[in-house]
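J.: A single structure is presented below for examination.
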Amino acid sequence: MRRLHNITAGLLLAVLTALPGNESVDAADIGILTGTVRVVSEPPYAIRINAYPGVAHTTAPSNDTEGKSLIREIVVYLEKVAAPHAIDPPASPKLTQRGMEFEPSVLVILAGQEVGFPNEDPYYHNVFSYSPAKRFDLGRYARGKSKSVVFEDPGVVQVFCDIHSDMKGTILVLQNPYFARPDTETGAFRIPSVPAGRYRLVVWHPDLETVSREIEVRPGAATPIEVEI
């Protein structure tokens, strides 16, 4: 029985060692965070926000009774991880203007990353933000053009178009790469290669109340979490 336990532990350690981005963390000191997010909040009214914050009106409420559209914009992340560069950040993030919308509606990046704002619509756009985490105004530019912005500080950045007041996107700027987007169908998420320790787990959505809890990631093990938002 003891031999079987040692073999199992060795296999788990081998799997953890093989996970990408573990160069700066000892494999014996990392774990995996897995879990499921369940949406229990009422779907909010579809909000159309004017180009200038503080001016908005609402339309009909969503008919998404299973919360799939809400899960699509949820981000699960850890705060204050000691080794913030154990996983490579997403390369070349973009918030594309397409079909009079920002795609994706929620973009997650790391502090210090540069985001491109390509215009794929057959008309001009003027992308800007008044958010405290990052204020910018890219001016008007036509289809086929792209401009970019570097986001130095963590926080939530609401993005608008000064020409088309119904356009709204959100950029969540994080301090470390330990985040996940839950599966739209099941709500399942997985954050690999997490240094063992105690952290604050945050479940965030741009239109719902943020949920957080203290968790402990154990070395050489998977830590299961169930959370409602």
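The values are calculated or read from the model by the stated rules, or taken from the named source; none is laboratory data. The structure presented is a predicted model; accordingly, all values stated were derived computationally and were not measured. In this analysis, Cβ positions are derived from the backbone assuming ideal geometry, glycine residues included, and neighbour counts consider all displayed protein chains.
J.: State the number of residues belonging to segment 194-222 that are closer than 17 Å to residue 30 by Cα and crowded, with 20+ Cβ neighbours inside 10 Å.
T.: So the answer is 5.
J.: So, one more: State which residue is nearest to the chain's Cα centre (by Cα) when the search covers only segment 124-139 and only residues that are surrounded by 14 or more Cβ atoms within 10 Å (Cβ to Cβ) and closer than 16 Å to residue 96 by Cα.
T.: Step one: list which residues in segment 124-139 are surrounded by 14 or more Cβ atoms within 10 Å (Cβ to Cβ), which gives 124-131, 133-134, 136, 138.
Add one more test, that the residue is closer than 16 Å to residue 96 by Cα, and what stays is 124-129, 138.
Values: 124: 28, 125: 25, 126: 24, 127: 21, 128: 20, 129: 19, 138: 23 Å.
Looking at the filtered set, the residue picked out is 129.
J.: Only residues that are in contact with a Pro (Cβ under 8 Å, 6 or more places away or on another chain) and part of a strand (DSSP E or B): list them for segment 93-107, please.
T.: 94, 96, 97, 106, 107
J.: Identify the single condition in (1) of a type outside the set (Phe, Trp, Tyr); (2) farther than 23 Å from residue 37 by Cβ; (3) in contact with a strand residue (DSSP E or B) (Cβ under 6 Å, 6 or more places away or on another chain); (4) modelled with pLDDT under 95 that residue 89 does not satisfy, given that it satisfies every other one.
T.: Answer for residue 89: the failing condition is (2).
J.: With over 14 Å from residue 72 (Cβ atoms), in the same structural domain as residue 79 (by TED's automatic domain parsing), touching a Phe, Trp or Tyr at 6+ places or on another chain (Cβ under 8 Å) and surrounded by 16 or more Cβ atoms within 10 Å (Cβ to Cβ) as the only criterion, which of 171, 191 stands out? Working first, answer last.
T.: Values: 171 fails: in the same structural domain as residue 79 (by TED's automatic domain parsing).
It is 191.
J.: Restricting attention to segment 142-162, does a residue exist that is of a type in the set (Asp, Glu), over 26 Å from residue 209 (Cβ atoms) and assigned to a strand (DSSP E or B)?
T.: Our first condition is that a residue be of a type in the set (Asp, Glu); within segment 142-162, this holds for 152-153, 162.
Next cut, over 26 Å from residue 209 (Cβ atoms) only: 152, 162.
Applying the additional criterion that residues be assigned to a strand (DSSP E or B) yields none.
So far as segment 142-162 goes, no, none of its residues is of a type in the set (Asp, Glu), over 26 Å from residue 209 (Cβ atoms) and assigned to a strand (DSSP E or B).
J.: Can you pull out every residue in segment 183-197 that is in a strand (DSSP E or B) and modelled with pLDDT of 95 or more?
T.: First, pick out the residues of segment 183-197 that are in a strand (DSSP E or B): 188-195, 197.
Matches in segment 183-197: 188, 189, 190, 191.
J.: Can you find even one residue in segment 152-170 that is at pLDDT 95 or above, among the basic types (Lys, Arg) and farther than 25 Å from residue 101 by Cα? If you could, list the steps in order and put the result at the bottom.
T.: Filtering segment 152-170 for residues at pLDDT 95 or above gives 152-164, 167-170.
Filter again for among the basic types (Lys, Arg), leaving 168.
Pick out the ones that are also farther than 25 Å from residue 101 by Cα and you get none.
Within segment 152-170 (the criterion being at pLDDT 95 or above, among the basic types (Lys, Arg) and farther than 25 Å from residue 101 by Cα), the answer is no, since none of the residues qualifies.
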